[in-house]
1. Hey, how many Å between the Cα centroid of the range 76-92 and the Cα centroid of the range 140-202?
2. Can you give the Rg to Rh ratio for the chain, taking only C-alpha atoms and Rh from Kirkwood?
3. Hydropathy at least 0.5 by Kyte-Doolittle, axial extent at least 15 angstrom from the Cα trace: which helices of the chain, defined as entire DSSP H runs, fit?
4. Explain nothing, just the number: relative contact order of the chain, from Cα pairs under 8 Å at least 6 residues apart, as a whole percent.
5. Given H placed on each backbone N at 1.01 Å, which residues far from residue 176 in sequence or on other chains put an amide H within less than 5 Å of it?
6. Using modelled backbone amide H atoms (1.01 Å from N, in-plane), which distant-in-sequence or interchain residues come within less than 5 Å of residue 88's amide H?
7. Rank by packing, highest mean first: peptides 91-100, 183-192, with packing defined as the count of other Cβ atoms within 10 Å averaged across residues.
8. Sort 143-153, 3-13 by packing, meaning the average of other beta carbons within 10 Å per residue, with the highest value first.
Amino acid sequence: MADKRKHPADDLISQLIAIEEEGDRLSEAELISMITLLIFAGHETTSNLIARGTLMLLDHPEQWEKLKADLSLVPSALEELLRFNGPATIAGPRFAIKDIELAGQQLKKGDIVFPVLKSANRDERQFTEPEKLDITRKINRHLAFGHGIHMCLGAPLARVEGEVAFATLLRRMPNLRLSVPRESVAWNFTLSSQGLADLPVAF
Ligand code: HEM
């Protein structure tokens with residue numbers, strides 16, 4: 001940030017700094033927080049989507065074959081991969097703004113609620129056979145990117161990245177397969193996300 005202050009260029013960090021200086025809108029802390037969020041929220045989630053999505057397709061060979069045979073299914077496959085096992089486990093915490101009853105629980109003003117996206121995305125009232133991965137599923141909405149005012153800022157970019165990645169992977173590496181036993185694929189778990197430590201493949 002110090003460098004960009006001295007030498008502003010045509011990039012996002014320079015633009016965020018400019019906004020801060022013109023209208024005093026982003027404090028130093030907000031600026032750091034926004035840049036960190038863009039780098040880590042933007043990078044880690046999308047690489048998880050691609051790696052985990054690939055693993056899910058390898059776990060369901062009939063879906064992999066179906067997708068390979070018809071790349072026009074990539075957009076709907078991506079939405080299904082996000083729904084079935086998207087990278088984010090929970091959304092940002094929400095706070096009750098008044099005493100309220102929610103799903104049979106009494107919340108007091110100020111109580112914190114953690115929306116569990118993965119649970120909502122397997123809600124049988126919303127999806128038929130939610131435990132089934134079906135890349136042709138017509139999804140009106142899912143919560144992999146959260147909901148409301150704090151819904152993921154990068155969702156359109158993540159969708160483009162995911163579509164390009166899966167279409168390219170299927171085209172260039174149609175014989176992609178795991179090069180280690182399935183049970184030795186290692187995971188990184190945090191409260192808010194689940195990612196693969198690595199995904200060794202042969203092609
Ligand atoms: C598959 C990829 C991604 C997933 C699954 C994902 C998921 C999420 C989720 C669940 C939230 C919280 C939403 C809520 O609390 O309602 C969020 C927020 C956010 N995401 Fe993403 N994200 C992804 C990619 C990206 C990318 C590529 C960027 C930026 C380049 C990004 C930037 C952000 C930002 C800035 C927020 C905070 C929005 C706010 O609080 O107003 N995300 N994301």
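Where a number appears in this text, it was derived from the coordinates with a stated rule and is not lab data. Because the structure is predicted, anything quoted here is derived from the model rather than measured. With ideal geometry, Cβ positions are generated from the backbone for all residues, glycine too; neighbour counts draw on all protein chains shown.
1. 8 Å
2. On the way: Rg = 19.9 Å, Rh = 19.3 Å.
Reported Rg/Rh, Kirkwood definition of Rh: 1.03.
3. Values: long enough: 12-23 (17 Å, 0.64); 42-59 (26 Å, 0.08); 74-85 (16 Å, 0.23); 155-172 (25 Å, 0.37).
Going by DSSP H runs, the hits are 12-23.
4. On the way: 237 pairs, mean separation 44.0, N = 203.
Once normalised by length, the contact order is 22 percent.
5. Residues meeting the amide H criterion: none.
6. Distant-sequence amide H within range of residue 88: zero hits.
7. Details: 91-100: 12.1, 183-192: 10.3.
Ranked by mean Cβ neighbours within 10 Å, highest first: 91-100, 183-192.
8. Numbers: 143-153: 15.3, 3-13: 11.2.
Per-residue mean Cβ counts within 10 Å order the peptides as 143-153, 3-13.
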